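The values are calculated or read from the model by the stated rules, or taken from the named source; none is laboratory data. Model, not experiment: these values are computed from the prediction. Virtual Cβ from ideal backbone geometry, glycine too; neighbours counted across all protein chains shown. What goes into the accessible areas is simple: the full protein's heavy atoms, side chains included, and nothing from ligands, DNA or RNA. Shrake-Rupley method; radii C 1.70, N 1.55, O 1.52, S 1.80 Å.
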Amino acid sequence: MFTYDPGFTSTASCESKITYIDGDEGMLLYRGYPIEQLAVHGDFLETCYLLLYGELPNTTDKHKFDHTVMRHTMVHEQMSRFLSGFRRDAHPMAVMVATVGAMSAFYHDSLDITNPHHRMVSSIRMIAKMPTMASMAYKYSIGQPFVYPKNDLGYTANFLRMCFSIPCEEYVVDPVLERALDRIFILHADHEQNASTSTVRLAGSSGANPFACVAAGIACLWGPAHGGANEAALAMLEEIGTPERIPHYIARAKDKNDPFRLMGFGHRVYKNYDPRAKLMQQTTHEVLNLLGHRDDPLLQVALELERIALHDEYFIEKKLYPNIDFYSGITLKAMGFPTSMFTVLFALARTVGWIAQWKEMIEDPSQKIGRPRQLYTGAPKREYIELANRA
Ligand code: SDX
């Protein structure tokens with residue numbers, strides 16, 4: 001007996017103890033802790049520890065984990081030559097898919113997925129090196145020299161410095177921007193069995209190494225229906241341009257014959273406000289106020305679009321609310337990131353979720369290779385016709 005469930009809208013692919021979402025309540029828990037509390041009171045590496053090990057770290061464990069991660073931040077020096085094979089205008093997500101996949105060509109000493117030590121070393125390496133590789137993809141795209149990590153900085157401060165410092169002058173990390181970006185990373189860390197996490201699990205179910213699995217996850221995240229929506233949402237806000245043009249785009253979003261959708265709206269699971277979007281909106285206001293962009297026209301368009309959509313019968317009936325991607329682009333743009341880097345930052349943050357879910361799957365005694373079936377509606381059995389006898 002088979003079920004046919006396109007998009008797996010009602011199919012559980014696995015059992016997991018990591019993240020719980022109540023889409024009707026708009027609730028998101030990492031290992032039982034509400035995202036609102038983790039994002040306000042903790043930092044990203046604490047969330048990484050929680051997702052990987054299942055409990056919040058005590059002081060000793062936190063210092064040890066942070067120290068370990070911050071001492072795996074360098075990548076093999078030949079990785080920089082690997083990047084030089086790309087055109088400078090290559091999309092940073094294309095670079096990330098390639099360079100993360102290539103990690104399995106460099107780190108042969110932690111590829112045995114049956115070995116718990118190898119699994120943990122690969123997990124730490126992935127979390128620690130993603131900021132370095134993401135900053136290299138950015139620096140390469142703008143023709144600036146790569147910046148080596150500084151281990152005496154925090155995880156997110158180190159990433160900001162690797163992206164925005166230049167050899168000619170000292171770079172001082174703004175603590176407000178550091179805190180805002182660290183919170184953005186927490187909000188993006190995991191989200192149960194979304195498309196990219198399911199991709200990582202499916203790739204890992206064959207026994208593929210974790211670097212290759214995360215590269216597959218990055219490829220899936222790139223799509224505009226998923227992690228690519230933050231880049232697409234900002235492009236949409238820029239195309240709308242002014243609040244006066246919003247009704248035209250709302251009408252297009254409702255038009256069945258128009259493929260246009262409001263990017264940053266709607267969600268497979270949330271049929272209430274995405275709790276991450278609320279926190280993202282707060283962070284957006286903090287960053288724009290700090291940077292003096294409080295009158296950013298994009299924010300005005302976003303706020304008016306949200307107000308109109310939340311009162312529109314179509315969006316109310318279909319339970320379409322802003323999701324995490326609706327505000328993140330405005331914030332990241334104000335911080336100085338180009339739109340092409342938005343999904344890279346999403347991938348950087350989601351790496352811990354992918355790795356935690358991959359690790360849980362490998363350690364699940366009931367785990368087997370994923371192999372869905374199909375509903376076949378093709379041609380019935382028929383005999384081969386020689387070329388000379390075909391019409
Ligand atoms: C992420 O899964 C996750 O957890 C993902 C994520 C994570 O953290 O990993 O949360 C991150 O990917 C967030 C989503 C980002 N994507 C976007 O913002 C792109 C725009 N949104 C849509 O493409 C859509 O809402 C999805 C892909 C997010 C969800 O699509 P579903 O669940 O398959 O819903 P659907 O396409 O069946 O839509 C249901 C109805 C449809 O109308 P009907 O055919 O029933 O008449 O709602 C309409 C859709 O046309 N609809 C929209 C809409 N989203 C859905 N109409 C206008 N604008 C939209 N954005």
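A single member of ALA349, ALA388 is over 30 Å from SER13 (Cβ atoms) and in a helix (DSSP H, G or I), and it is ALA388.
For MET79, the conditions (1) under 22 Å from PRO149 (Cβ atoms); (2) touching a strand residue (DSSP E or B) at 6+ places or on another chain (Cβ under 6 Å) all hold with the exception of (2). Can you go through ALA349, ALA302 and tell me which one is more than 10 Å from the ligand (Cβ to nearest atom) and either on the phi < 0 side of the Ramachandran plot or of a type in the set (Phe, Trp, Tyr) (or both)? Being more than 10 Å from the ligand (Cβ to nearest atom) and either on the phi < 0 side of the Ramachandran plot or of a type in the set (Phe, Trp, Tyr) (or both) holds for just one of ALA349, ALA302, which is ALA302.
Basic (Lys, Arg), touching a residue at least 40 places away in the same chain (Cβ under 8 Å), surrounded by fewer than 18 Cβ atoms within 10 Å (Cβ to Cβ) and farther than 29 Å from ILE324 by Cβ: does that describe ARG81? Steps first, please.
Details: basic (Lys, Arg): yes; touching a residue at least 40 places away in the same chain (Cβ under 8 Å): no; surrounded by fewer than 18 Cβ atoms within 10 Å (Cβ to Cβ): yes; farther than 29 Å from ILE324 by Cβ: yes.
For ARG81, the condition - basic (Lys, Arg), touching a residue at least 40 places away in the same chain (Cβ under 8 Å), surrounded by fewer than 18 Cβ atoms within 10 Å (Cβ to Cβ) and farther than 29 Å from ILE324 by Cβ - is not met.
What are the residues in segment 312-327 that are more than 10 Å from the ligand (Cβ to nearest atom) and within 20 Å of THR339 (Cα to Cα), if any? Scanning segment 312-327 gives a single hit, TYR327.
Among the listed residues LYS333, LYS381, identify the single one that is touching a residue at least 24 places away in the same chain (Cβ under 8 Å), open to solvent by 10 Å² or more (accessible area, probe 1.4 Å) and over 25 Å from ILE113 (Cβ atoms). Outline the logic, then answer.
On the way: LYS381 fails: touching a residue at least 24 places away in the same chain (Cβ under 8 Å).
Matching residue, one of LYS333, LYS381: LYS333.
For ALA309, the conditions (1) open to solvent by 60 Å² or more (accessible area, probe 1.4 Å); (2) within 15 Å of the ligand (Cβ to nearest atom) all hold with the exception of (1). Of all the listed residues (THR99, THR73, THR59), the sole one being polar (S, T, N, Q), more than 21 Å from the chain's Cα centre (by Cα) and closer than 24 Å to ALA189 by Cβ is THR59.
Return yes when LYS359 is among the basic types (Lys, Arg) and within 30 Å of LEU52 (Cβ to Cβ) and no when it is not. Before the answer, list the steps.
Details: among the basic types (Lys, Arg): yes; within 30 Å of LEU52 (Cβ to Cβ): yes.
For LYS359, the condition - among the basic types (Lys, Arg) and within 30 Å of LEU52 (Cβ to Cβ) - is met.
Exactly one residue among SER135, SER165 is touching a helix residue (DSSP H, G or I) at 6+ places or on another chain (Cβ under 8 Å) and small (Gly, Ala, Ser), and that residue is SER135. Number of residues in segment 260-298 that are among the aliphatic types (A, V, I, L, M) and more than 22 Å from the chain's Cα centre (by Cα): the value is 4. Residue pairs whose Cβ atoms lie under 7 Å apart, sitting 6 or more positions apart in sequence or on different chains, and linking a residue in segment 1-17 that is touching a residue at least 24 places away in the same chain (Cβ under 8 Å) to a partner that is of a type outside the set (D, E, K, R) and more than 14 Å from the ligand (Cβ to nearest atom), are TYR4/LEU375; CYS14/MET361; LYS17/GLY54.
No other residue among ASP174, ASP182, ASP190 is more than 16 Å from the ligand (Cβ to nearest atom) and buried (at least 18 other Cβ atoms within 10 Å of the Cβ) apart from ASP182. Taken over segment 103-120, the criterion of being assigned to a helix (DSSP H, G or I) and buried (at least 18 other Cβ atoms within 10 Å of the Cβ) is satisfied by MET103, SER104, SER110, ARG119.
Let's see how each residue does on (1) modelled with pLDDT of 95 or more; (2) within 26 Å of GLY353 (Cα to Cα); (3) outside any helix (DSSP H, G or I):
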{"site": "ALA134", "(1), (2), (3)": "yes, yes, no"}
{"site": "PRO145", "(1), (2), (3)": "yes, no, yes"}
{"site": "ASN151", "(1), (2), (3)": "no, yes, yes"}
{"site": "PHE159", "(1), (2), (3)": "yes, yes, no"}
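Note on segment 33-48: residues that are among the hydroxyl-bearing types (Ser, Thr, Tyr) and within 18 Å of PHE159 (Cβ to Cβ) amount to 1.
Only one of the listed residues (MET74, MET126) is modelled with pLDDT of 95 or more, open to solvent by less than 10 Å² (accessible area, probe 1.4 Å) and touching a Ser or Thr at 6+ places or on another chain (Cβ under 9 Å). That residue is MET126.
Counting only helices (runs of 4 or more DSSP H) that sit completely within segment 202-285, those holding 3 or more residues that are within 13 Å of the ligand (Cβ to nearest atom) and closer than 30 Å to ILE113 by Cβ correspond to 210-221. Summed over segment 1-47, residues that are among the β-branched types (Val, Ile, Thr) and surrounded by fewer than 17 Cβ atoms within 10 Å (Cβ to Cβ) total 4.
Of the candidates ALA208, ALA216, the single residue that is under 18 Å from the mean Cα position of the chain (by Cα), over 25 Å from ALA39 (Cα atoms) and surrounded by fewer than 23 Cβ atoms within 10 Å (Cβ to Cβ) is ALA216. Only one residue in SER141, SER198, SER205, SER135 is on the phi < 0 side of the Ramachandran plot and without any contact (Cβ under 8 Å) to a residue 60 or more places away in the chain. Which one? That would be SER135, the only listed residue that is on the phi < 0 side of the Ramachandran plot and without any contact (Cβ under 8 Å) to a residue 60 or more places away in the chain.
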